[in-house]
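None of the figures in this text is laboratory data; all of them are computed from the coordinates on show. This structure is a prediction, so every number in the text was calculated from the model and none was measured. For neighbour counting, all protein chains shown are included, and Cβ atoms are generated from backbone atoms with ideal geometry for every residue, glycine included.
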Amino acid sequence: MIIRFFLNLRPYLLPACALVWRVTIWIFCGIGWQSVALAKGSAPLYEDPFDVASGGASLTRASQAGMIFSNPALIPYGTGFHRWLGNETSLIVGKDSVDFAKNLSSGGGNSAASGSSTAQFVDTVVKTPLHAGVLNSFSYINRLFGFSVFNRGEFDIAAKKYGDTGLPSLRFRSESYQGVGLSAASLMLTNMISVGATAKFIYAGEPDVEIDLTDQQAISDLQSPAGLRSLVSMNTGYGYDLGFVFFRQGQNSDYRLAIKVDDFGGTRLNGSADLKELKQMYHVGLGYTYHNSVDSLHFSADYRDVGGASGDEVFKRLRLGAKLLIRHHIGIGAGYYDGWPSYGLELDAWLVRLTAAYYKRELGVKPGLDPRGVYVLGFAMGI
Amino acid sequence: MILGHYKKYIYVLVTVLFTGCGTSNLFDCDSGYARSRCSKLTPDEKARMALDQGDMESAVEILAELVAEDPETYQRYPLLAAAYAGKSGLDLFNVVTANFGGDSSLLQVMGSFIPTPTQLGAAYDQSLEDMSLSVQTLVAIPAELRSSTSSDKYASSAVLQLTLYQAAYGVMYLNKFTYGAAGYDPSLLSTMTAQDAAIILAALNGAATAADGSAATSAQSALAAIQAQPGASDVEKLAAWSQAAR
């Protein structure tokens with residue numbers, strides 16, 4: 001399919017191809033490979049739930065609310081000048097953590113836990129790790145530029161009967177990112193190429209704490225919202241992302257090739273938290289869309305972090321997905337996220353957009369070591 | 001109609017969707033898609049996974065091999081010791097947070113976390129052997145590297161585990177002479193030899209001196225109580241204590 005695409009190119013488009021190739025070579029060779037150790041995984045800072053349901057392969061096609069952080073070069077593609085102004089809120093709940101999340105969200109928890117409730121808590125997390133979080137964004141996008149104010153917080157508490165030292169332990173992990181992204185993009189060469197960039201201010205932290213089971217006070221702290229917050233220290237920094245999309249549109253078939261540079265030159269973070277830098281990473285995506293005027297079926301494959309700067313294994317870097325969009329209002333998404341199957345539905349009822357997704361995150365370094373089944377329910381309101 | 005128009009693509013979508021349905025990961029070496037580049041677990045990761053799954057036989061096998069290959073990587077010793085203890089039937093998860101103080105004796109508290117000869121029958125000797133191996137594994141760490149104040153987490157873990165496993169071994173060994181096939185049977189104490197008594201006292205003494213903490217204090221109290229028992233020999237004192245403490 002890709003070979004046929006290039007064979008069918010008009011001769012006057014060859015300079016465009018040469019430009020794309022030069023840019024690609026420049027990105028991959030001129031800037032240099034990152035070989036420093038992992039500071040952050042290869043996933044984007046913010047992902048729309050429907051994009052995650054579709055395997056997280058969002059470099060070539062992303063939901064409006066997630067576009068700024070998926071690939072800013074996608075901004076010009078679409079109909080009309082104004083694209084989206086609205087707010088999106090999503091709740092992330094581990095498959096086995098529904099009750100605990102309800103307790104925390106209602107301000108419950110047990111800040112002065114007795115011995116028995118601590119034991120009960122530990123017993124609970126041994127059987128079912130707690131995983132919960134929230135995604136929130138307010139964004140505006142038109143065909144030239146857009147901005148997004150976002151918040152992503154996710155935590156995981158799991159107990160091991162045999163921790164790293166052989167003794168039972170509790171592990172608290174969290175990913176917390178907040179910030180603002182401002183993107184602009186422009187079409188070039190008869191709309192075949194889109195180049196976009198995002199400038200972002202980030203407030204980020206990725207605490208990872210292992211607590212010995214003999215430390216009852218620390219375990220007690222984990223059961224209250226205040227205790228959880230105290231474990232999350234944050235750093236701040238400015239960074240830039242660059243995105244390119246090479247787009248060929250046919251009557252019923254569209255082809256897309258996307259390249260994205262996350263954290264161009266590396267994003268330095270200042271503060272007391274351990275996360276000091278977001279490494280520069282390169283991502284490549286391919287997309288194919290079969291469509292008519294109202295429906296479309298999009299297949300996409302992303303290979304994230306081509307240079308391996310994140311240290312993630314291939315199963316976390318390869319994302320595969322499909323989106324079926326019916327009458328612009330109903331979406332069905334499916335794919336492979338972290339190598340696990342993912343599914344989701346989206347209902348776009350003009351002012352209101354509802355999303356439900358299920359996917360599995362692999363928190364371990366290899367498939368099957370520490371997977372978490374996750375439900376996401378999203379509610380967006382906007383025009 | 002969209003379904004008719006997109007029929008072949010929907011077929012592809014459904015195929016993509018359900019290829020990996022269920023519990024397997026595309027990149028799992030054992031159950032994933034055969035042509036994908038799978039991510040193999042390292043022996044250390046396999047051992048950790050076996051421990052998480054409660055497969056102590058495999059964990060012991062892998063870790064023992066790793067320790068034999070690289071005996072100076074002491075971080076693995078506490079893990080191997082924990083695997084032996086788990087294999088012996090010790091409820092490590094609950095014993096580390098147990099309260100060894102209070103009015104209960106070491107025999108009573110530890111007794112609730114270890115198996116008895118009544119429960120295991122002929123397999124009890126193997127269980128005892130595994131507990132002995134867990135103690136030996138920890139003792140193999142040079143003494144200067146075992147410290148409850150060390151910044152190396154494995155070092156302080158080794159000290160705490162050594163206390164617990166020595167206490168557990170002492171109590172398990174004593175239980176050989178107090179439990180029969182039908183349950184508690186103090187008449188078996190008459191079969192205890194001086195050598196058996198020496199093994200039990202050595203284990204309790206090791207627990208009492210390995211570290212601070214409630215388990216060590218409880219072992220010290222137990223030793224003091226044994227010495228205070230009537231009797232001319234250690235065998236008689238132990239027999240008297242085991243009945244009084246229960």
Find how much the distance from A:SER186 to A:HIS328 grows on full extension, using 0.36 nm per residue of separation minus their present alpha carbon separation; answer in nm with one decimal. 48.7 nm
What net charge do the residues around B:PRO43 carry, taking every other residue with its C-beta under 11 Å from that of B:PRO43, with Lys and Arg at +1 and Asp and Glu at -1? -2
Show the residues, 5+ positions off or on another chain, whose built amide H is closer than 5 Å to the amide H of A:ILE193. A:MET188, A:PHE247
To the nearest 0.05, how large is the calculated FRET efficiency for A:VAL209 and A:ALA349 if R₀ is 35 Å and r is the Cβ-Cβ distance? 0.25
Output ³J(HN,Hα) for segment A:195-203: one whole-Hz value per residue in order, computed from phi by the Karplus curve 6.51 cos²θ - 1.76 cosθ + 1.60 with θ = phi - 60°, and x for Gly and Pro. 10, x, 9, 10, 9, 9, 10, 10, 10
For segment B:74-245: rounded, prolate or oblate by the Cα gyration tensor [a/c cutoff 1.5]: prolate
Over the whole of A:151-164, what's the average partner chain Cβ count within 10 Å per residue? Rounded to a whole number, please. 3
For segment B:74-245, the dipole about the Cα centre with charges only on Cβ (Lys and Arg +1, Asp and Glu -1), to the nearest 20 debye, works out at 240 debye
Along the Cα→Cβ direction, 7 angstrom out, place labels at A:TYR240 and B:ALA140. What is the inter-label distance in nm? 5.7 nm
May I ask you to derive the FRET efficiency for A:GLN249 and A:ASP164 from their Cβ-Cβ distance with R0 = 41 Å, giving the value to the nearest 0.05? 0.20
Sort A:VAL245, B:VAL95 so the one with the fewest other Cβ atoms within 10 Å of its own Cβ comes first. B:VAL95, A:VAL245
Quick one: if the Förster radius is 51 Å, what FRET efficiency do A:LYS95 and A:ASN142 give, using the C-beta to C-beta distance and rounding to 0.05? 0.85
Cα-based shape type of segment A:276-383, given that a ≥ b ≥ c are square roots of the gyration tensor eigenvalues and the cut on a/c is 1.5: prolate
Quick note, segment B:56-141: a/c under 1.5 would make it rounded; otherwise a/b > b/c is prolate and the rest oblate (a ≥ b ≥ c, C-alpha gyration tensor); here it is oblate
When a footprinting reagent is the concern and you count Cβ atoms within 10 Å, what order do A:LYS127, A:LYS200, A:LYS161 take, fewest first? A:LYS127, A:LYS161, A:LYS200
Charge context of B:ALA168, other residues only, Cβ under 14 angstrom, K/R +1, D/E -1: -1
Sorting A:MET188, A:MET281 on the 10 Å Cβ count, fewest up front, what's the list? A:MET188, A:MET281
Per-residue ellipticity at 222 nm for chain B, helices alone: DSSP H runs ≥ 4 residues times -39500 (n - 2.57), over residue total, nearest 500 deg cm²/dmol? -18500 deg cm²/dmol
Points 7 angstrom from Cα along the Cβ direction at B:GLN126 and A:GLN120: gap in nanometres? 3.9 nm
Using the Karplus equation 6.51 cos²θ - 1.76 cosθ + 1.60 (θ = phi - 60°), what ³J(HN,Hα) coupling, rounded to whole Hz, does each residue of segment A:43-60 give in order, writing x for Gly and Pro? 6, x, 5, 9, 10, 5, x, 5, 5, 5, 4, 8, x, x, 8, 10, 5, 9
The long-range amide H neighbours of A:LEU59, using H built 1.01 Å from N in the peptide plane and a cut-off of under 5 Å, are none
If Lys and Arg each add +1 and Asp and Glu each add -1, what is the summed charge of the other residues whose beta carbon sits under 11 Å from the beta carbon of B:PHE93? 0
Of the cross-linked pairs A:LYS95/A:LYS161; A:LYS161/A:LYS323; A:LYS127/B:LYS153; A:LYS200/B:LYS40; B:LYS153/B:LYS176; A:LYS276/A:LYS323, which ones have a Cα-Cα span greater than 31 Å in the structure shown? A:LYS161/A:LYS323; A:LYS200/B:LYS40; B:LYS153/B:LYS176; A:LYS276/A:LYS323
Just to check I understand the Karplus step: with θ = phi - 60° and J = 6.51 cos²θ - 1.76 cosθ + 1.60, what whole-Hz values come out for segment A:240-249, glycine and proline as x? 9, 10, 10, x, 10, 10, 9, 10, 10, 9
